[in-house]
Amino acid sequence: MKETEALEKSCGLSRNEARVYLALVRLGSSKAGKISKEAAIDRTSAYNSLKSLLEKGLASYATIGKVKWFQAVDPRALKDYLAAKLEDLDAVLPGLERKYAAEKLQSNMRLYKGDRGIRTVLGMVIHEGAENRVFGSENQLDSRMPAFAAKFKALLEKRRIPTKNLVRQGRKMHETKLRKARYAPLETESPVVTNVFGNKIAIIIWSETPEAILIDNATAAAAYREYFDFMWRNASRS
């Protein structure tokens with residue numbers, strides 16, 4: 001991931017803010033005109049981004065004569081910036097959760113798109129903490145999103161979340177104390193993987209742009225679990 005993109009996605013900076021911050025890191029103490037050229041943006045946009053970075057505590061300046069010299073804060077301070085944002089979120093999160101629980105429909109279905117959507121849905125597996133029943137996996141997560149797949153599996157182990165995988169015969173899945181697999185005689189590969197955890201069903205479709213359908217319904221989840229458990233009892237161990 002490029003540095004500009006990383007600052008945008010991880011720190012929530014705008015494209016111009018990220019460019020200006022990186023220009024400051026490369027240049028050290030500099031005047032606005034030079035920063036504008038280094039960041040490859042017009043002077044007005046550079047000034048606006050500098051003002052925003054100053055307000056966020058990610059840049060500082062000193063006035064020498066009548067000229068302002070700008071400088072980036074130590075990149076390690078970006079973690080402090082993110083921690084402060086999380087503290088702000090923690091302050092309002094309880095109220096948001098109460099409103100969400102009160103207003104949420106009893107039966108809820110949502111659609112997520114792209115890699116970010118898949119990360120969001122699988123993050124719910126971790127948050128829920130309940131056993132995850134998975135069927136139809138062809139290791140798409142490992143092949144399409146290997147870095148996230150490794151983190152996801154590590155979190156499952158760390159949180160002690162058991163997973164049962166019902167997979168096609170002819171495939172082999174690495175098992176652990178928490179990750180179990182059984183094999184069913186399915187003839188063809190499928191791009192669809194179903195996860196059942198808590199009161200939720202996540203149907204992931206590994207098309208060119210992956211999509212996930214999340215169903216939050218206790219009755220439907222119970223029915224899926226019952227079907228999965230029937231298949232599990234009748235599946236082979238190898």
Residue that is nearest to the chain's Cα centre (by Cα) [pool: residues in the stretch 21-50 that are at pLDDT 90 or above and within 24 Å of residue 83 (Cβ to Cβ)]: 49
Which numbered condition residue 222 misses (of (1) of a type in the set (Gly, Ala, Ser); (2) within 25 Å of residue 10 (Cα to Cα); (3) free of Cβ contacts under 8 Å to residues at least 24 places away in the same chain): (2)
Might you let me know whether the stretch 74-97 holds any residue that is closer than 30 Å to residue 206 by Cα, at pLDDT 80 or above and not aromatic (Phe, Trp, Tyr)? no
Given the options 10, 14, 30, name the one that is in contact (Cβ under 8 Å) with a residue 40 or more places away in the chain and within 29 Å of residue 147 (Cα to Cα). 10
Which count do you get for residues in the stretch 173-191 that are β-branched (Val, Ile, Thr) and either crowded, with 19+ Cβ neighbours inside 10 Å or within 20 Å of the chain's Cα centre (by Cα) (or both)? 0
In this structure, does residue 160 turn out to be at positive phi and either surrounded by fewer than 16 Cβ atoms within 10 Å (Cβ to Cβ) or of a type in the set (Ser, Thr, Tyr) (or both)? yes
Just one of 70, 152, 148 is in contact with a strand residue (DSSP E or B) (Cβ under 6 Å, 6 or more places away or on another chain) and hydrophobic (A, V, I, L, M, F, W, C); which is it? 70
Considering only strands (runs of 3 or more DSSP E) wholly within the stretch 174-233, the ones with at least 1 residues that are acidic (Asp, Glu) are 211-216
A careful count of residues in the stretch 6-50 that are within 23 Å of residue 116 (Cα to Cα) and of a type in the set (Gly, Ala, Ser) gives 5
Among residues of the stretch 10-49 being touching a Phe, Trp or Tyr at 6+ places or on another chain (Cβ under 8 Å) and of a type in the set (A, V, I, L, M, F, W, C), the residue farthest from residue 70 (Cα to Cα) is 11
What's the number of the only condition in (1) under 25 Å from the mean Cα position of the chain (by Cα); (2) crowded, with 16+ Cβ neighbours inside 10 Å; (3) farther than 18 Å from residue 115 by Cα; (4) not aliphatic (A, V, I, L, M) that residue 228 fails to meet? (1)
Any residue at all in the stretch 182-198 that is without any contact (Cβ under 8 Å) to a residue 40 or more places away in the chain and either under 24 Å from residue 218 (Cα atoms) or touching a helix residue (DSSP H, G or I) at 6+ places or on another chain (Cβ under 8 Å) (or both)? no
Answer yes if at least one residue in the stretch 154-169 is in contact with a Phe, Trp or Tyr (Cβ under 9 Å, 6 or more places away or on another chain), more than 20 Å from residue 128 (Cα to Cα), without any contact (Cβ under 8 Å) to a residue 60 or more places away in the chain and among the basic types (Lys, Arg), and no otherwise. yes
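The values are calculated or read from the model by the stated rules, or taken from the named source; none is laboratory data. Predicted model, so just to flag it, every value in this text is computed and none were measured. When we count neighbours, we look across all protein chains shown, and the Cβ atoms used for this are built from the backbone with ideal geometry, even at glycine.
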